[in-house]
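Presented below is the structure to which this report refers.
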Amino acid sequence: QVQLAESGGGLVQPGGSLRLSCAASGTISSIYLMGWYRQTPGKQRELVAIIANGGRTNYKDSVKGRFTISRDYAKHTVYLQMNSLKPEDTAVYYCYAKVPEADYWGQGTQVTVSS
């Protein structure tokens, strides 16, 4: 079992920045992929950014150049640095971790970009 605890969401003006954090606990040695998804009402959850154990990353096209995913293996934490935020980035952001036999999700944190 893996538990994920997110933090760092909130309200920010367009053009501003936020950093999301997600701390993993439990059977963390089995995790080989971590990332962030987001979801807005009435829409499917979508991939924002993902990072593999070797450091390879993948981003949603619309956040490339603005968002950066990173991972601190010693702290078992994954981060999402979000810069130049736009109103369309408003969503609930979910932390994600993958082990060979299961997928795990955090409880979600709200990010609202509005003036």
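The values are calculated or read from the model by the stated rules, or taken from the named source; none is laboratory data. Keep in mind the model is a prediction, meaning the values are calculated, not measured. FYI the Cβ positions are ideal-geometry reconstructions off the backbone, even for glycines, and counts take in every protein chain you see. Just so you know, the surface numbers come from the protein's heavy atoms only, side chains and all, with ligands and any DNA or RNA stripped out. Shrake-Rupley method; radii C 1.70, N 1.55, O 1.52, S 1.80 Å.
Observations
- Extension gain for the segment T40 to A102, taken as residue separation times 0.36 nm less the Cα-Cα distance, is 19.9 nm to one decimal.
- Cα gyration tensor shape for segment 1-54, rounded if a/c is under 1.5, else prolate or oblate: prolate
- Per residue accessible area in Å² of the chain, where ligands, DNA and RNA are left out and the probe is 1.4 Å: 52
- Nearest-20 debye value, the chain charge dipole, Cβ charges on Lys, Arg, Asp, Glu: 220
- Apportionment of accessible area to carbon and sulfur, segment 22-101, percent (1.4 Å): 49
- Global geometry of segment 27-75, whether rounded, prolate or oblate, following the gyration tensor of its Cα atoms and the 1.5 cut on a/c: oblate
- In this simple spin-label model, placing a label point 7 Å from the Cα along the Cα-to-Cβ direction at both S29 and S114 gives a separation of 4.6 nm.
- In range of the label at T90: residues from segment 4-27 whose backbone nitrogen is under 12 Å from the point 7 Å along Cα→Cβ: 11-14
- Mean separation of Cα contacts under 8 Å, 6 or more apart, over the residue count of the chain: relative contact order %: 37
- Projecting the Cα atoms of Y94, T57, V2 onto the charge dipole of the chain, computed from C-beta unit charges around the Cα centre, puts T57 farthest toward the positive end.
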